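One structure is given here, and the rest of the page talks about it.
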């Protein structure tokens, strides 16, 4: 609750805990008869203001600002494409250097929301954050322990250096992490997702050999050589590291340094190792138009 509104409510004598709860759920006092009219006109919310007036306010400030003004145009949950188009065109015609919009309830989580937001999305306000309980008879992975032990191995792939971490707890293999040397980009997100699913499978009792069988041989546009064999993709590299780890464990040694280095068959992954954007081949070299990276630099 806005502290200034609460102070005015107490000073004017219409404050009550019940009213505050109703306002928090309703999201506005514009149509609440218990609140005096002059207070309702003063304490408006973003959704009480028509979207076009959000833009007009921004334009008024923009006229006296050398750089730019940032303001979010708040839309209700039932806003249409035409409403957004109207705001964009108005911002352009009024000389705004940029415009930002947000439709209420368009994301699962948002900074400010009311009970009506969740109801508009078809969710009960009190239960919107609840997770579905597991179905009877389904496999539930064992919880991750606070302390694990394992190794981390480096693999040079076509998308850059891949670091694969394999950890164990008292019951055996429990998790696998895979991360690229550079953050961001599609390759990084996919290796993270692969690691999460492998970890979930390991803690659910899935045979590691079955995991290796699923990942082994997956191909991407940039395979690499490793000691006479081929690493076809990041997923294939994860399977190779896991396979080597199990083999070494069976032989009684996992401490030997076996960083998997490689030569790229196609010179470069289609993604930039610096920013994750797509690269292009120009004048015999790989370059990134987004950040300026050059393989020849």
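Taken over the range 186-243, the criterion of being in a loop (DSSP other than H, G, I, E, B) and over 20 Å from residue 272 (Cα atoms) is satisfied by 204, 205, 206, 207, 216, 217, 218, 227, 228.
Just one of the numbered conditions (1) within 34 Å of the chain's Cα centre (by Cα); (2) part of a loop (DSSP other than H, G, I, E, B); (3) at negative phi is not true of residue 105: (3). Of the residues making up the range 1-43, those that are more than 35 Å from the chain's Cα centre (by Cα) and outside any helix (DSSP H, G or I) number 11. Within the range 168-190, the only residue that satisfies the criterion of being within 11 Å of residue 238 (Cα to Cα) and either surrounded by fewer than 17 Cβ atoms within 10 Å (Cβ to Cβ) or at pLDDT below 90 (or both) is 179. Which condition number does residue 8 fail, the rest of (1) modelled with pLDDT under 90; (2) touching a helix residue (DSSP H, G or I) at 6+ places or on another chain (Cβ under 7 Å) being met? Going through the list (1) modelled with pLDDT under 90; (2) touching a helix residue (DSSP H, G or I) at 6+ places or on another chain (Cβ under 7 Å), residue 8 breaks only (1). Within the range 148-167, is there a residue that is modelled with pLDDT under 60 and surrounded by 14 or more Cβ atoms within 10 Å (Cβ to Cβ)? Within the range 148-167, none of the residues are modelled with pLDDT under 60 and surrounded by 14 or more Cβ atoms within 10 Å (Cβ to Cβ).
In this structure, residue 246 qualifies as in a helix (DSSP H, G or I) and either modelled with pLDDT of 90 or more or surrounded by 13 or more Cβ atoms within 10 Å (Cβ to Cβ) (or both). In the range 84-94, the count of residues that are closer than 29 Å to residue 19 by Cβ and not in a helix (DSSP H, G or I) is zero.
The values are calculated or read from the model by the stated rules, or taken from the named source; none is laboratory data. This structure is a prediction, so every number in the text was calculated from the model and none was measured. Note that we place each Cβ from the backbone using ideal geometry, even for glycine, and neighbour counts take in every protein chain shown.
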